[in-house]
1. Taking the stated definitions as given, is residue 132 in a helix (DSSP H, G or I), away from the ligand (no atom under 14 Å from the Cβ) and more than 14 Å from the chain's Cα centre (by Cα)?
2. Return the total of residues in the range 113-123 being without any contact (Cβ under 8 Å) to a residue 40 or more places away in the chain and in a loop (DSSP other than H, G, I, E, B).
3. Being among the hydrophobic types (A, V, I, L, M, F, W, C), within 10 Å of the ligand (Cβ to nearest atom) and at pLDDT below 95 narrows it down to one residue among 108, 36; which is it?
4. For the range 1-29, give me the residue count where each residue is buried (at least 18 other Cβ atoms within 10 Å of the Cβ) and within 9 Å of the chain's Cα centre (by Cα).
5. Does the range 47-56 hold any residues that are within 13 Å of the ligand (Cβ to nearest atom) and surrounded by fewer than 14 Cβ atoms within 10 Å (Cβ to Cβ), and which are they?
6. How many residues does the range 63-84 contain that are surrounded by fewer than 22 Cβ atoms within 10 Å (Cβ to Cβ) and either among the polar types (S, T, N, Q) or away from the ligand (no atom under 14 Å from the Cβ) (or both)?
7. Taking interchain pairs and intrachain pairs at least six residues apart, which have beta carbon atoms under 8 angstrom, with the first residue in the range 96-112 and farther than 13 Å from residue 153 by Cα and the second of a type in the set (Val, Ile, Thr) and surrounded by fewer than 20 Cβ atoms within 10 Å (Cβ to Cβ)?
8. For the range 138-171, give me each residue that is within 14 Å of residue 2 (Cα to Cα) and small (Gly, Ala, Ser).
Amino acid sequence: MKNVILIGFMGVGKGSVAREVIKNSSYMAIDTDDLIESMENRKIKSIFEDEGEAYFRKLEKNVAKWLESSVKNTLISTGGGFYKQTNLKNVGIIVLLDSPFDEIIKRIKAHPNAAKKLKKRPLLADLKKAKKLYDERRPEYLKLADIVIDVTKKSADECSKELLKKVKKHG
Ligand code: S3P
């Protein structure tokens, strides 16, 4: 079983889909933001505030190297900027969760914990800037992905089933 790497914009549902995939399969799962928070013993928001974004990206690089050398049979959910790591193709099959920007924001706002979800993501604080980032990244996400799943108006369970089907077919 190859690793599966979930990429996509903040709030698109990588965490929720990962949780469903582990329910419906024998994959183990890890999350790059969770790993970084454990390594640093502080939240992503604090890392951005205390050290700046460049420091955070260095931590992501260390995680990417470790994934390549040491992780197998695992579903890896990533932060929205993790796709920039240049060794991802060596880590596993890359699956993009895709949705229009407005749908992603609608999805976050509909969540019972919406305020918390927005607050913990420094790059979503300004929606105009976030939209610009989305527009820059989307073509890059699409270029990198081996598999694309349009998650718009689908449940995490539906997305997880589609993912497992497409990964199986991809081999
Ligand atoms: C980021 C996305 C976040 C987190 C950090 C930076 C990004 O993860 O890694 O705030 O650059 O898009 P989520 O995609 O889980 O929100």
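The values are calculated or read from the model by the stated rules, or taken from the named source; none is laboratory data. Owing to the predicted nature of the structure, the values given are computational and were not obtained by experimental measurement. Methodologically, a virtual Cβ is constructed for each residue, glycine included, from the backbone with ideal geometry; neighbour enumeration extends over all protein chains shown.
1. no
2. Result for the range 113-123: 1.
3. 108
4. 10
5. 49, 52, 53, 54, 55, listed by residue number.
6. Counting residues in the range 63-84 that are surrounded by fewer than 22 Cβ atoms within 10 Å (Cβ to Cβ) and either among the polar types (S, T, N, Q) or away from the ligand (no atom under 14 Å from the Cβ) (or both) gives 9.
7. Pairs that qualify, where the first residue is farther than 13 Å from residue 153 by Cα and the partner is of a type in the set (Val, Ile, Thr) and surrounded by fewer than 20 Cβ atoms within 10 Å (Cβ to Cβ), are 96/147; 96/148.
8. Selection gives 171 alone.
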